[in-house]
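Worksheet: one structure, shown below.
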Amino acid sequence: MQLNRIFRYEIPTAVEFGIGAVNGLADHVRKLGGRKALIVGDPGVVKAGIADRLSGVLRKSSVPSELFSDIQSDPDIESVEKGTEAAKSSGCDIVIGVGGGSSLDTAKAIGLMLCNDGHIRDYVGIDKVPHKGAPVIAVPTTAGTGSEMTIWSVLSDRSHKVKLSVGSAFNCPDLALCDPELTVSLPPQVTAATGMDALTHALESYVNKATQPISEGLALQAMKLIARSLRLAVVQGENLQARHDMLMASLIAAMAFNSTRLGLAHALALPLGAHFHIPHGTVNAILLQEVMQFNVIGNTAKFAEIAAVFGERTVRLSEREAAECAVDAVRMLKKDVGIAQTLSDFGLREEHLGFIAEEAMLSGNVPVNPRKPTLDDLKQICRKAMN
């Protein structure tokens, strides 16, 4: 470590984690001063009965609530507007986000807009939100995005075909209420994609230029949990130990990248998701091994360590050979969990690579990537991920 380097680590979100944790929801609402809650969940969460479970827990303790579920898989800024209006018109003073990243990102943004003027577009970027929002409790039902811990809400502006990122410490939930039991009903393909998203968070944070001792420890532990449990969570969805490990991995990977940002997989994922509607976890899974291959020479020692985390035999290998094994390990993991799509399957063609690379180059994840890319490098990464 560079002894003359100053770094900062801050997480304003409290965490309550464990099977049955959601049963204490009403007490947490009261502790945060909430009188009436807006439950924000996507239609899938409603269909699975999870939103009803939360409202039932609140009802038993005489805490009133309203449900807002007008949320798409890529949450739109219009959902934030509608949700904010729903909260104001029904007198809700606390927001409970339940679901995956789409629901949680929307809930966090609604919380912000209950106490800040203007439009959510006004706060795109980093540290532009002037005031703390209404209290937010985040209840994740997927193990991938880590939105329950992060400063970020990623929202779609469909009229302009772009994704917008709002980043602020004020955007962190007050409480992450993490109950592994809520993830048991996730289908295998969603478990796989969200798990690969969590891996991408941990890995990109671990190898990038902004890494620091606290984030490194978190990222390393997240990768260990994913290496041992993602396959089991996919093929044995009822396995509570695997579900516990994956939800914990997602949580602490988010705690890692919250302070470091990420890398080229996420830089490319935003424009690819915005223009070709590729689910976020899936696009990261498709890109990750190609980004790793590009980055190996930028942080060879770290990639060699990742190979060991995944159980690769590296004792008699050179550092570079061991680092290459990390790429192979992630390639095998992706295959084992059933992610076989390519970027071509979602409509990406050679003529699209120019504007995708140009948009990706604007990401704040590019400067911290361990190897500086050119536009041609980004095109080549996508090109390889098309096959």
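The values are calculated or read from the model by the stated rules, or taken from the named source; none is laboratory data. In this text the structure is predicted, and so the values were computed from the model without any measurement. Note: ideal-geometry Cβ built from the backbone for every residue, glycine included; neighbour counts use all protein chains shown.
Whether a residue is acidic (Asp, Glu), in the same structural domain as Ser165 (by TED's automatic domain parsing), within 21 Å of Val139 (Cβ to Cβ) and more than 21 Å from the chain's Cα centre (by Cα) was assessed, and Glu66 passes this test.
Cβ separations smaller than 9 Å between residues 6+ apart or across chains give the following pairs from region 3-19 residues that are of a type in the set (Phe, Trp, Tyr) to residues that are in a strand (DSSP E or B) and surrounded by 10 or more Cβ atoms within 10 Å (Cβ to Cβ): Phe17/Ala176; Phe17/Leu177; Phe17/Cys178. Taking the stated definitions as given, is Arg316 modelled with pLDDT under 95, assigned by TED's automatic domain parsing to the domain that holds Gln212 and out of contact with any Ser or Thr (no Cβ under 8 Å at 6 or more places or on another chain)? Taking the combined requirement at face value, the residue satisfies it.
Glu319 meets all of the listed conditions (1) within 28 Å of Lys161 (Cβ to Cβ); (2) loosely packed, with under 15 Cβ neighbours inside 10 Å; (3) more than 25 Å from the chain's Cα centre (by Cα) but one, namely (1).
The set of residues from region 340-363 being over 21 Å from Gln189 (Cα atoms) and either surrounded by 12 or more Cβ atoms within 10 Å (Cβ to Cβ) or not assigned by TED's automatic domain parsing to the domain that holds Thr282 (or both) comprises Leu348, His352, Leu353, Gly354, Ile356, Ala357, Glu358, Glu359, Ala360, Met361, Ser363.
Residues satisfying the criterion are absent from region 243-256 (criterion: more than 18 Å from the chain's Cα centre (by Cα) and either in a helix (DSSP H, G or I) or not charged (D, E, K, R) (or both)).
Here is a yes/no grid of residues against (1) modelled with pLDDT of 95 or more; (2) among the charged types (D, E, K, R):
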site	(1), (2)
Phe7	no, no
Asn23	yes, no
Asp52	yes, yes
Ile94	yes, no
Ser102	no, no
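Scanning region 205-261 for residues that are crowded, with 21+ Cβ neighbours inside 10 Å and either of a type in the set (Lys, Arg) or assigned by TED's automatic domain parsing to the domain that holds Gly167 (or both) yields Arg243, Arg261. Take region 43-62 and flag every residue that is assigned to a helix (DSSP H, G or I), of a type in the set (Gly, Ala, Ser) and without any contact (Cβ under 8 Å) to a residue 12 or more places away in the chain. The answer is Gly56, and nothing else. Of the residues making up region 96-115, at least one is surrounded by fewer than 24 Cβ atoms within 10 Å (Cβ to Cβ), assigned by TED's automatic domain parsing to the domain that holds His28 and in a loop (DSSP other than H, G, I, E, B).
Do the conditions hold for Thr282, that is, is it under 27 Å from Cys178 (Cα atoms), touching a helix residue (DSSP H, G or I) at 6+ places or on another chain (Cβ under 9 Å) and not in a helix (DSSP H, G or I)?
No, not satisfied.
Being of a type in the set (Val, Ile, Thr), within 28 Å of Arg8 (Cα to Cα), surrounded by fewer than 17 Cβ atoms within 10 Å (Cβ to Cβ) and touching a strand residue (DSSP E or B) at 6+ places or on another chain (Cβ under 7 Å) is true of Ile126. In summary, Thr84 fulfils each of the numbered conditions (1) touching a Ser or Thr at 6+ places or on another chain (Cβ under 7 Å); (2) more than 25 Å from Val15 (Cβ to Cβ); (3) of a type in the set (Val, Ile, Thr) with the single exception of condition (1). When Ser73, Ser69, Ser153, Ser165 are screened for being among the polar types (S, T, N, Q) and farther than 27 Å from Ala21 by Cα, only Ser165 passes. Among residues of region 369-384 being basic (Lys, Arg) and within 20 Å of Phe257 (Cβ to Cβ), the one that is surrounded by the fewest Cβ atoms within 10 Å (Cβ to Cβ) is Lys372. For region 334-357, indicate whether the set of residues that are under 25 Å from Ala222 (Cα atoms), more than 21 Å from the chain's Cα centre (by Cα) and either at pLDDT below 95 or among the aromatic types (Phe, Trp, Tyr) (or both) is non-empty. No, region 334-357 contains no residue that is under 25 Å from Ala222 (Cα atoms), more than 21 Å from the chain's Cα centre (by Cα) and either at pLDDT below 95 or among the aromatic types (Phe, Trp, Tyr) (or both). Of all residues in region 302-316, those being surrounded by 13 or more Cβ atoms within 10 Å (Cβ to Cβ) and either of a type outside the set (Ser, Thr, Tyr) or within 22 Å of Leu378 (Cα to Cα) (or both) number 10. If the condition is being more than 12 Å from Asp328 (Cβ to Cβ) and outside any helix (DSSP H, G or I), then region 285-312 contributes only Asn299.
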